[in-house]
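Here is the structure we will look at.
Just so it is clear, none of the values below were taken in a lab; they were calculated from the coordinates. Model, not experiment: these values are computed from the prediction. Cβ atoms come from the backbone with ideal geometry, glycine included; neighbour counts cover every protein chain shown.
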Amino acid sequence: MGKTFAEKIFSLKTGKDLRAGAIVMVKPDFVLTHDNSSAILSTFKKMGGKKVADPKQLLIVLDHIVPANDEKAATNHQKTRQFVAEQKLPHFYEGGRGICHQVAVEEGFARPGAFICGSDSHTTTYGALGAFSTGIGRSEAAGIWATGEIWLKVPESMKVVLKGKPKKWVTAKDVVLHIAGKIGADGALYYSMEFSGDYIDNCSIADRLVFTNMSVELGAKNGWMAPDKKAFDYLAVHGVKKEDCTVILPDADAVYAETLEIDVAKIEPLVAAPHSVDLVKTVVESTAVKADQVLIGTCTNGRIEDLRQAAEILKGRKVAKGTRLLVLPASSEVYIQAADEGLLKIFVQAGGIVLNPGCGPCLGAHQGIMAPNEITVSTANRNFKGRMGCNTSFIYLASPYTAAATAVKGTIATPDML
Amino acid sequence: MAIITGKAFVYGDNVNTDVIFPGKYTYSVTDPKEIAAHTMEDEDPAFVKEMKPGDILVAGKNFGCGSSREQAAFCFKYLGLGAIVAESYSRIYYRNCINAGLLAVEVKGLAGKVKRGDTVTIDTDKGTVKFPDGSQATFAPLPPEIEGIMKAGGLDEFIAEKLKKMNG
């Protein structure tokens, strides 16, 4: 009986012959933390931690509230910088470099065979480049800082095969929302999701990252795809050598708890309605919804390919009266590229605000919090009640094409409707 | 641990971490008492006023989905909640409960069994949950590797003991 990707990587990392269900101690290659690092530091000290077990294991990216919006956030950042200096941590990225998940990808931490835990649920993102990566709690991150290890259960796996050619204006975001609508917000609970199929083969790395980023929204422990030439080309551009990667592929006779096969050609442009990712409707069904604010960006859809799609629609057009547009590039690399290509000018000329790279308004801490009864159409991954800072506002999740068209129209729309 | 009896507070499926402990507080509210005061703020503002230490939260599928923020588990611990009983948990949330030393048990077939205010009894030794109609459901005990964390009272204490041993 063969093994899944998860069974193989857990076996490789522990030197044991493991199957789904086994509970083991693992030493992750990296442990990611962000603005929560100062809170994690308090727990680390409470645990009796003095020196971190392995300074090279820590990856710290300030991104959640950058630049700091108040004294408390500023002090959190200050404590983190002091800690980084004291412990001589080599992998620290200052606010402005980007959202931790995009930084982890661009800086080459996410690579085939890497085993990464992060104190952020969207740590699942790195599987698009062949890594195993999963979210953990703050105390657990402190535990890894202190001991180098964490207990994990080898997950069962779900195979998702995506076939066919999508219709015009249908992107990776529409496909993943379709999956959410089909299986529900707990449809992949505890699973390692393995994505494959000719649709995935044809996807850009940016589009692949949408699936692994959102796999946690379906309950998954991690999302994964087989690294191919496209992945290695991307890694090479970002300084990762092939010899520093370990390609781990599932066996042909691996056992899956569930298998899902989807013909993407049948999928229409979609939105997820408030307040759950699985309340999926077509854009056509949602055209009566007026958008007070549109957010294009985040760790789900803030890459250059996403901004190009948005700019394609916004070029020479204006944001509708009564609607506000926020653009949030996922990293400084994306920001510079967008500037070089003239995309930022297009957004500003259309009447939008370009925010600095970071988490921005996605988690409701700053930079675009809504007023009561307002609606935001967002390319982010989460539309929970209160998510963007106001518990009587509403969030619709959509693709960059739909979000951009919505900004122009003022109501939820595809580019065809302009 | 043995018998926990408390009044039930009952919720549905997919209760997420944003409604349990809103994201806007994750970096600004750090005092345990203050964290506790915001518990379930966007799901049920009456919860913190009505619940008493030892009470039991009963929920449907995928409880605690969303963010990895552990304040969404620790807030219940700070309030002295007796336990959470749910059909299933989001995986990071479940881990956060263990790390908080907060009893969280997974029980199938809960729908319609309990209403707000009913008395529910959990026997952790036997692995049972008793409902007001006299019926009971069972839950699996924690694997021994993880039970140690609960026994220590949470991950802080567990790692502290481990570090002491490591450093002789």
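What is the dipole size for segment A:291-418, taken about its Cα centre, with +1 at each Lys and Arg Cβ and -1 at each Asp and Glu Cβ, in debye to the nearest 20?
Numbers: 12 positive and 9 negative charges, 67 e Å.
Around 320 debye, computed over segment A:291-418.
Percent relative contact order of segment A:270-417, based on C-alpha pairs within less than 8 angstrom and at least six residues apart? Walk me through the numbers on the way to the answer.
Values: 367 pairs, mean separation 50.9, N = 148.
Once normalised by length, the contact order is 34 percent.
For A:K72 and A:S204, a Förster radius of 35 Å and the Cβ-Cβ distance give a FRET efficiency of 0.35, rounded to the nearest 0.05. Computed over chain A with a Gaussian network model linking Cα atoms closer than 10 Å, the most mobile of A:M370, A:M193, A:M25 is A:M25.
Could you work out the mean count of beta carbons from other protein chains within 10 Å of each residue's beta carbon in A:277-283? Present the calculation step by step, with values, prior to reporting the outcome.
Numbers: counts 4, 1, 0, 0, 0, 0, 0.
Per-residue shielding by partner chains comes out at 1.
Take the alpha carbon atoms of segment A:21-262, find their radius of gyration, then divide it by 2.2 N^0.38 Å using N residues; give the quotient. Numbers along the way, then the final one.
On the way: Rg = 18.2 Å, N = 242, 2.2 N^0.38 = 17.7 Å.
It is 1.03.
Taking amide H atoms as placed 1.01 Å from N in the peptide plane, the amide H of A:L58 lies under 5 Å from those of A:V31, each 5 or more residues away in sequence or on another chain. With K and R counted +1 and D and E -1, the other residues having a Cβ less than 11 Å from that of B:L142 yield a net charge of -2. Computed over chain A with a Gaussian network model linking Cα atoms closer than 10 Å, the most mobile of A:D251, A:D228, A:D70 is A:D70. For segment B:3-140, the Cβ-based charge dipole about the Cα centre amounts to some 200 debye (Lys, Arg positive; Asp, Glu negative; other atoms uncharged).
Note the full-extension length gain between A:A339 and A:T392 as 0.36 nm times their separation in residues minus their Cα-Cα distance, in nm to one decimal.
Details: separation 53, 0.36 × 53 = 19.08 nm, distance 3.55 nm.
Working it through step by step, the gained length comes to 15.5 nm.
Think of chain B as a dipole: +1 on every Lys or Arg Cβ, -1 on every Asp or Glu Cβ, centred on the Cα centre; then among B:S67, B:I4, B:P143, B:P143 lies furthest on the positive end. When only Cα pairs below 8 angstrom with a gap of at least 6 residues are kept, chain B shows a relative contact order of 24 percent.
The local environment of B:E50, defined by Cβ-Cβ distances under 10 Å, has a net charge of +2 under the rule Lys, Arg +1 and Asp, Glu -1. Considering only A:Q337, A:I412, A:V283, the residue lying farthest towards the positive end of the dipole of the protein assembly as shown is A:Q337, judged by Cα position with unit charges set on Cβ.
Can you tell which of A:G197, A:L41, A:I183 lies farthest toward the positive end of the dipole of segment A:21-262, using +1 and -1 charges on the Cβ of basic and acidic side chains (Lys, Arg; Asp, Glu)? With unit charges placed on the Cβ atoms, the residue in question is A:L41. Within the listed set A:V160, A:V294, A:V175, the Gaussian network model of chain A (springs between alpha-carbon atoms below 10 Å) gives the highest mean-square fluctuation for A:V160.
For chain B, rounded, prolate or oblate, judged on the Cα gyration tensor with a ≥ b ≥ c (square roots of eigenvalues), a/c < 1.5 rounded, else prolate if a/b > b/c?
On the way: a/c = 1.78, a/b = 1.14, b/c = 1.56.
Oblate, since a/c reaches 1.5 and b/c is not below a/b.
Pairwise Cα separations in segment A:147-191 fall into 10 Å bins from 0 onward with the following percentages, short to long: 20, 39, 24, 13, 4, 0.
Rounded, prolate or oblate: pick one for segment A:196-336, where a ≥ b ≥ c are the square roots of the eigenvalues of its C-alpha gyration tensor, a/c under 1.5 means rounded, and failing that, prolate if a/b is larger than b/c, else oblate. The shape class here is oblate. Per-residue 3J(HN,Hα) values for segment B:96-101, derived from phi via the Karplus relation 6.51 cos²θ - 1.76 cosθ + 1.60 with θ = phi - 60°, read 4, 4, 4, 5, 7, x Hz in sequence order (x marks Gly and Pro).
Add -39500 (n - 2.57) for each DSSP H run of 4 or more in chain B, then divide by its residues: what number comes out at 222 nm, to the nearest 500 deg cm²/dmol? Please list the in-between numbers first.
Working: 7 runs with 54 residues, N = 168.
When only DSSP H runs of four or more count, the value is -8500 deg cm²/dmol.
Under Stokes-Einstein, with the Kirkwood radius over Cα pairs as Rh, the value for segment B:1-94 at 20 °C and 1.002 mPa s is 163 µm²/s.
The simple spin-label model puts a point 7 Å past each Cα toward its Cβ; for A:S196 and B:A140 those points are separated by 2.7 nm. Assuming a ≥ b ≥ c are the square roots of the Cα gyration tensor eigenvalues, decide whether the protein assembly as shown counts as rounded (a/c under 1.5), prolate (otherwise, with a/b larger than b/c) or oblate. Taking the square roots of the gyration eigenvalues as a ≥ b ≥ c, the protein assembly as shown is rounded. Amide H contacts of B:D118 (H built 1.01 Å from N, in plane; Pro and chain starts excluded): B:A8 sit under 5 Å, all sequence-distant by 5 or more or on other chains.
What dipole magnitude, in Debye to the nearest 20, does segment A:43-163 give about its Cα centre under +1 on Lys/Arg Cβ and -1 on Asp/Glu Cβ? Walk me through the numbers on the way to the answer.
Numbers: 15 positive and 12 negative charges, 56 e Å.
Magnitude of the dipole: close to 260 debye.
The HN-Hα couplings worked out from phi for segment B:142-153 by the Karplus form 6.51 cos²θ - 1.76 cosθ + 1.60 (θ = phi - 60°) are 5, x, x, 4, 9, 4, x, 5, 5, 5, 6, x Hz, whole numbers, x standing for Gly and Pro. Residue-wise HN-Hα couplings along segment A:223-228, as the Karplus relation 6.51 cos²θ - 1.76 cosθ + 1.60 with θ = phi - 60° gives them from phi, are x, 8, 9, 5, x, 10 Hz; Gly and Pro carry x. For A:I375, neighbours were defined as the other residues whose beta-carbon sits under 9 Å from its Cβ, and their charges (Lys and Arg +1, Asp and Glu -1) total -1.
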